[in-house]
Amino acid sequence: MALDGHPVDRLGPQITPHKAGPLQAFAYDLRELGRGKASVAWIAGHEETSVSRAALYAALSGTRLPTAETVSTLLRWWAGSPEEED
């Protein structure tokens, strides 16, 4: 658990930015931002989250460009205050 009481995500194998293209580097940066913070499963299950768990994990995989809403959701929980409205 993170210090704030949210379950911490145990992200799988990491893609190093120097071996990846820009999309994979972006996904890597998102994963790094989320390290030690609320888990993707917890974020997806929160009543204020409208983005699916699959979409959140897809954004972190670096296989396709995530939507602005997906990135915003991750940033809101990992870099901002979940109480703030966009």
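The values are calculated or read from the model by the stated rules, or taken from the named source; none is laboratory data. Keep in mind that what you see is a predicted model, and the values were worked out from it rather than measured. Cβ sites come from the backbone with ideal geometry, for glycine too, and all protein chains shown count toward neighbours.
Points to keep in mind about this one:
- Test set (1) at pLDDT 70 or above; (2) not in a helix (DSSP H, G or I) - Pro13 fails condition number: (1)
- Within region 37-63, the set of residues being touching a helix residue (DSSP H, G or I) at 6+ places or on another chain (Cβ under 6 Å), in a loop (DSSP other than H, G, I, E, B) and either among the hydrophobic types (A, V, I, L, M, F, W, C) or under 18 Å from Ala25 (Cβ atoms) (or both) comprises Val51, Gly62.
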